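Written below as structure tokens is the structure these notes are about.
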Amino acid sequence: MSEQPVIRLEALDKVYQTGEVAVHAVREVSLDVFPGEFVAVMGPSGSGKSTLMNLIGCLDRPTAGRYWLDGEEVGSLSPNELSRVRNQRLGFVFQGFNLLARTSALENVELPLLYSPQGHSRRELRRRSRVALERVGLGPWARHHPSQLSGGQQQRVAIARALINEPALLLADEPTGNLDTRTSIEIMAIIQQLNQKGMTILMVTHEPDIARYCRREVMMRDGRIVSDRPVVDRRDAAADLAARPEPDAEVPA
């Protein structure tokens, strides 16, 4: 592993003020994630895992503590600089897909490039978007709208969108939460392949079976990290998918 972590958190706190009550969502969290790791962040509802993901994703600022991303201290960045970090160095995959309903899969994948300061020609936008869709097996569905795609296909579009700027870090928040078992395995196969090719991935999940596809498991409770250990009994999504029978075909009425 590289000596410099992709993520370094030092005594990170997040406190929300609700009237006169202070809610400590994250308490003194210190964590290093190195290049090429695949880390699951787990914990019960209210444990602070999603708040931690928002802090790492530069969607929120900590109340106290320090955060470095690829060696750059995030706390010193302006709002515009944080926007640049989110656009160019982070990829996001959420449980709810967050696709624009009236645009095609190709156009949804293009969106991060439209906000990139480099600027891209229309031809380059389309080329890169098609390559990203092909990486997740959706090349033939490029012109389809979200309503024409299954839940698994929509999540693949979301993953392609997250990859379009070649981010240093992929953040996945319950990426299989809205999917059935077989489709969840398909999505985890894609995410595992990305990690095997060197991408650093941090994934929030409450499902132990999904966490077993990762290499490392960080458990949170009451805003704190209570355990941090390697996943010994790992699962292989491709093998699980191959072993799982195809769904029964629907019988016409």
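Data overview
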{"quantity": "Conditions (1) without any contact (Cβ under 8 Å) to a residue 24 or more places away in the chain; (2) farther than 30 Å from Asp13 by Cβ; (3) not charged (D, E, K, R); number of the one not met by Gly198", "calculated": "(1)"}
{"quantity": "Boolean, Leu9 is touching a residue at least 24 places away in the same chain (Cβ under 8 Å), part of a strand (DSSP E or B) and more than 17 Å from the chain's Cα centre (by Cα)", "calculated": "yes"}
{"quantity": "Ala25 being crowded, with 21+ Cβ neighbours inside 10 Å and closer than 25 Å to Asp70 by Cα", "calculated": "yes"}
{"quantity": "The lone exception for Gly96 - which of (1) at pLDDT 90 or above; (2) within 14 Å of Asp173 (Cα to Cα) it fails", "calculated": "(1)"}
{"quantity": "Helices (runs of 4 or more DSSP H) fully within the stretch 83-184 counting 3 or more residues that are within 26 Å of Asp240 (Cα to Cα) and among the acidic types (Asp, Glu)", "calculated": "none"}
{"quantity": "Filter result for the condition that a residue is buried (at least 21 other Cβ atoms within 10 Å of the Cβ), modelled with pLDDT of 90 or more and more than 14 Å from the chain's Cα centre (by Cα), over Val226, Val218, Val204", "calculated": "Val218"}
{"quantity": "Filter pass, Thr176 being crowded, with 19+ Cβ neighbours inside 10 Å and either of a type in the set (S, T, N, Q) or touching a His at 6+ places or on another chain (Cβ under 8 Å) (or both)", "calculated": "yes"}
{"quantity": "Residue match in the stretch 19-42 (condition: outside any loop (DSSP other than H, G, I, E, B) and out of contact with any strand residue (DSSP E or B) (no Cβ under 7 Å at 6 or more places or on another chain))", "calculated": "yes"}
{"quantity": "Matching entry among Thr183, Thr200 (being touching a Gly at 6+ places or on another chain (Cβ under 8 Å), within 27 Å of Pro35 (Cβ to Cβ) and polar (S, T, N, Q))", "calculated": "Thr200"}
{"quantity": "Scan of the stretch 119-140 for residues that are buried (at least 16 other Cβ atoms within 10 Å of the Cβ), of a type in the set (A, V, I, L, M, F, W, C) and under 22 Å from the mean Cα position of the chain (by Cα), ordered by number", "calculated": "Ala132, Leu133, Val136, Leu138"}
{"quantity": "The stretch 179-201: number of residues that are buried (at least 23 other Cβ atoms within 10 Å of the Cβ) and basic (Lys, Arg)", "calculated": "0"}
{"quantity": "Residue in the stretch 147-170 that is surrounded by fewer than 16 Cβ atoms within 10 Å (Cβ to Cβ), of a type in the set (Lys, Arg) and at negative phi present", "calculated": "no"}
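The values are calculated or read from the model by the stated rules, or taken from the named source; none is laboratory data. This structure is a prediction, so every number in the text was calculated from the model and none was measured. Ideal geometry is used to build each Cβ from the backbone, glycine not excepted, and the neighbour counts take in all protein chains shown.
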